[in-house]
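Working notes for the structure below.
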Amino acid sequence: MATLSTYRTKRRFNVTREPRGKVGKRGHAFVVQKHAARRLHYDLRLQLDGVMKSWAVTRGPSLVPGEKRLAVQVEDHPVDYNKFEGTIPEGEYGAGTVMVWDRGTWRPDDDPHKGLAKGHLSFHLAGKKLRGGWHLVRMRRRSGEKRDNWLLIKQRDDDARSASARDILKDSPLSVKTGRTLEEIAQHKRKAQSRSKSTGKKSRRNAVRPKRKTTRKATKTERKAKAKRTRRR
Ligand code: MN
């Protein structure tokens, strides 16, 4: 049965803004999160049995079928994690900036449980950047290795690119969620805001919202103070 216990054990939810999440949401979402941790990598997550099966793709996905990319299987993540874009604080597990680099739906070509068990998962992605068929192939675990190493390989189809074509990682480096760069996410910048500078206009969507926490606390305090004042009268 799917569980998030490993995911939760690794994180302190009073320090990181990553979601605690829960098991149970069924569906076929996929996400790729660009993660500037100690080393930049791309986390591929496929929803199965109410969790996101996850692989850290060290050099990122390639659209070239001949390019096999190492994908280290990591702990299952909650489905809520798909929305997470932000910075994991220094000293915490996975410290660094996370970007929602691609998202959409996935479809297994065969029984995904059998595929995962035997070490060959064939599937199709319908994302903004990644599309078409893919393989995940598990390599034999060598002694001393704690995690399963897989290879992420593009299937040969119309969505594949030749080795001479432009690299998708360089071609499309921005967040599909907010259009931001990793640097802008790290600096908590809102893309739309910096763009609207030239027009001088600020739409409601672009306006900088204060952090919820501060607003809530202030409102509560204000209410109390007001109540006091009223009572005194
Ligand atoms: Mn990661």
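The values are calculated or read from the model by the stated rules, or taken from the named source; none is laboratory data. All values reported here derive from a predicted model rather than from experimental measurement. Positions of Cβ are backbone-derived with ideal geometry, glycine not excepted, and every protein chain shown enters the neighbour counts.
Go through the stretch 117-162 and give me each residue that's part of a loop (DSSP other than H, G, I, E, B) and under 19 Å from the mean Cα position of the chain (by Cα).
Lys128, Lys129, Leu130
Quick one: in the stretch 94-126, of everything that is aliphatic (A, V, I, L, M) and within 16 Å of the ligand (Cβ to nearest atom), which residue is surrounded by the most Cβ atoms within 10 Å (Cβ to Cβ)?
Step by step, filter the stretch 94-126, then rank; the result is Met99.
Testing Pro65 on (1) within 22 Å of Arg147 (Cα to Cα); (2) away from the ligand (no atom under 14 Å from the Cβ), one condition comes back false. Which one is that?
Only one criterion in (1) within 22 Å of Arg147 (Cα to Cα); (2) away from the ligand (no atom under 14 Å from the Cβ) is unmet by Pro65, namely (1).
Does Gly104 count as at pLDDT 95 or above and of a type in the set (Gly, Ala, Ser)?
yes
Does the stretch 25-43 contain at least one residue that is under 30 Å from Arg156 (Cβ atoms), surrounded by fewer than 21 Cβ atoms within 10 Å (Cβ to Cβ), in contact with a strand residue (DSSP E or B) (Cβ under 6 Å, 6 or more places away or on another chain) and of a type in the set (A, V, I, L, M, F, W, C)?
Yes: one or more hits.
Report yes if Asn82 is within 16 Å of the ligand (Cβ to nearest atom) and not in a strand (DSSP E or B), otherwise no.
yes
Being of a type in the set (Ser, Thr, Tyr), away from the ligand (no atom under 16 Å from the Cβ), touching a strand residue (DSSP E or B) at 6+ places or on another chain (Cβ under 9 Å) and at pLDDT below 95 is the requirement here; does Thr3 meet it?
So Thr3 fits the description; yes.
Out of the stretch 35-62, which residues are acidic (Asp, Glu) and more than 13 Å from the ligand (Cβ to nearest atom)?
Asp49
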